[in-house]
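Q: One structure, as structure tokens, below. Some questions next.
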Amino acid sequence: MVNVTLKVEPNCKRILEIEIPENEVSAEFENQYNLFRAKANIPGFRPGKAPMDLVKKRYGDSIKADVIDELVDKAVKEALTQENLYPISRPKISNMEFEYGKPLKFRAELEIKPEFTLNNYKGFKVKRSVREVTDTDVETYLKTLRDRSAEYIPVDRKCHDDDLLIVDLIRKSELPNGSKEEKTENVEIELGAEDVLKEFKEGLRGSSIGEMKEIEVVYPQDYGEEKLAGYKVKYLVIVKEVKEKKLPPLDDDFARRFPNTADLAALRTSVKEMLVKKANKDADLIVRNDIIKIIVEANKFDVPESMIERYLQSVTEDFKKRYKDVDELKLRQTYRPVGENSLRWQFIYYEIAKAEKINVSEEDRAEWVRDFARAYNITEEQARESLGRARRMDDIDDSILEQKVLDFIMQNITIAN
């Protein structure tokens, strides 16, 4: 039996100082000597007949390595059972002390699943507030529909602030990544669009067909095109066309462009119903987040550092793909509590599921796949093939289980409107 000293560290870390008695070490050496002797291919001797001293001399290092591997693996398993520990990652072995004729000593560092007692996941109260949908909201959405259906008519005049320009862009600046002067033809710039950079809007205001303008653009750090994000770039812009935006009249004919809509009144009703549905969905999401926040606050415990590190590494890599300059230290400080609470919730809803005997059934999976197929307008068989290729079935089970736990919680709390 191994001797074990357990040290409890923060963030679910455990350190095991393990000592294997000398008699067990010697016995394993004898076992390995005999195994090597049986298969040793030494000139002048049949397998299993070579002198043991010769076997030890020729294979000593390999035998020692196998003895340590065998003993350490067995001792770690025994120590985990002895201390009733369930690691979430492979133990890290260090501080190995080995001398012939003495006990084998080493350290095993590992992380375990958080140990906590569930608190306050039933019987509390949350407020559900649904944003009122007004006539102004309906009219704003109708304007969006008209914008999407707008036509652009060529005109021969100076451009207005809501016109569409067709231009050639000649980039004059050399980018730090080595990209030199570049011409892009027939670029559409909608001056009234929110996502058009202000330098283009201001620089092209009042321009006419045939005009050439030099415009210097400072691209934001989060600009979608990575090679331009965060850089200052000078362009020569040649205006080729000016097009006037023509919105369709807001009338019954416009309304009939949409399925199952007889007239403008019906379209307004349909839009309002859609906005009300969205407002209720938004309210449900807020309630969901409030429930999680309340339960996580009531169940504070350490989470494994390696899991936090993986989360922060993922966040950092994502930001570095999207932004040129990233303050990694500040980013980690900001997102660490977010990651800790997210990981806590994962452990919590698993424990709630265990406590309340909530499971994921085959029918649950089948229903999820049906919903997925409907959402992407594909067959259920295509959905299963797609999900199988993406290896998402475990993620689906987690998603279903989390929702079933939340449904259970919502049935056991008070939701006040």
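Quick grid of which residues meet (1) modelled with pLDDT of 90 or more; (2) closer than 30 Å to LYS227 by Cβ; (3) over 22 Å from the mean Cα position of the chain (by Cα):
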residue	(1), (2), (3)
LYS330	yes, yes, no
PHE347	yes, no, no
ALA383	no, no, no
ILE409	yes, no, yes
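Q: Across the range 328-363, what is the total count of residues that are under 20 Å from ASN412 (Cβ atoms) and β-branched (Val, Ile, Thr)?
A: 4
Q: For the range 335-356, check the following and say yes or no: at least one residue is in the same structural domain as LEU406 (by TED's automatic domain parsing), touching a Gly at 6+ places or on another chain (Cβ under 6 Å) and among the hydroxyl-bearing types (Ser, Thr, Tyr).
A: no
Q: Right, something else. Among the residues of the range 75-120, which ones are assigned to a strand (DSSP E or B) and over 17 Å from PRO21 (Cα atoms)?
A: PRO87, LYS92, ILE93, SER94, GLU109, LEU110, GLU111, ILE112 - these are the residues of the range 75-120 that are assigned to a strand (DSSP E or B) and over 17 Å from PRO21 (Cα atoms).
Q: Residues being loosely packed, with under 11 Cβ neighbours inside 10 Å, on the phi > 0 side of the Ramachandran plot and at pLDDT 90 or above: count how many of those fall in the range 96-128.
A: Of the residues in that region, 1 qualify.
Q: How many residues are of a type in the set (D, E, K, R), on the phi < 0 side of the Ramachandran plot and loosely packed, with under 14 Cβ neighbours inside 10 Å if we restrict to the range 351-364?
A: Residues meeting the conditions: 3.
Q: Take GLU70 and tell me if it is among the charged types (D, E, K, R), in contact with a helix residue (DSSP H, G or I) (Cβ under 8 Å, 6 or more places away or on another chain), more than 27 Å from ILE308 (Cβ to Cβ) and loosely packed, with under 14 Cβ neighbours inside 10 Å.
A: Taking the combined requirement at face value, the residue satisfies it.
Q: Looking at TYR219, is it out of contact with any strand residue (DSSP E or B) (no Cβ under 6 Å at 6 or more places or on another chain), of a type in the set (Ser, Thr, Tyr) and modelled with pLDDT of 85 or more?
A: So TYR219 fits the description; yes.
Q: Considering the range 319-348 alone, what residues qualify as being of a type in the set (A, V, I, L, M, F, W, C) and touching a helix residue (DSSP H, G or I) at 6+ places or on another chain (Cβ under 9 Å)?
A: Keep residues of the range 319-348 that are of a type in the set (A, V, I, L, M, F, W, C), which gives 319, 326, 329, 331, 338, 343, 345, 347-348.
Hits for the range 319-348 are PHE319, VAL326, LEU331, VAL338, LEU343, TRP345, ILE348.
Q: In the range 1-37, what residues are in a strand (DSSP E or B) and not hydrophobic (A, V, I, L, M, F, W, C)?
A: ASN3, THR5, LYS7, LYS13, ARG14, GLU17, GLU19
Q: Restricting to the range 367-402, name every residue that is assigned to a helix (DSSP H, G or I), out of contact with any Phe, Trp or Tyr (no Cβ under 8 Å at 6 or more places or on another chain), surrounded by 12 or more Cβ atoms within 10 Å (Cβ to Cβ) and of a type in the set (A, V, I, L, M, F, W, C).
A: TRP368, VAL369, PHE372, ALA373, MET393, listed by residue number.
Q: Would you mind stating whether TYR141 is within 30 Å of ASP290 (Cα to Cα) and assigned to a helix (DSSP H, G or I)?
A: yes
Q: Now a separate question. Please go through the range 324-350 and pick out each residue that is in a helix (DSSP H, G or I), surrounded by fewer than 18 Cβ atoms within 10 Å (Cβ to Cβ) and among the acidic types (Asp, Glu).
A: GLU328
The values are calculated or read from the model by the stated rules, or taken from the named source; none is laboratory data. Keep in mind it's a predicted model, so treat the numbers as computed, not measured. Neighbour counts are summed over all protein chains in view; Cβ atoms, including those assigned to glycine, are modelled from backbone coordinates with ideal geometry.
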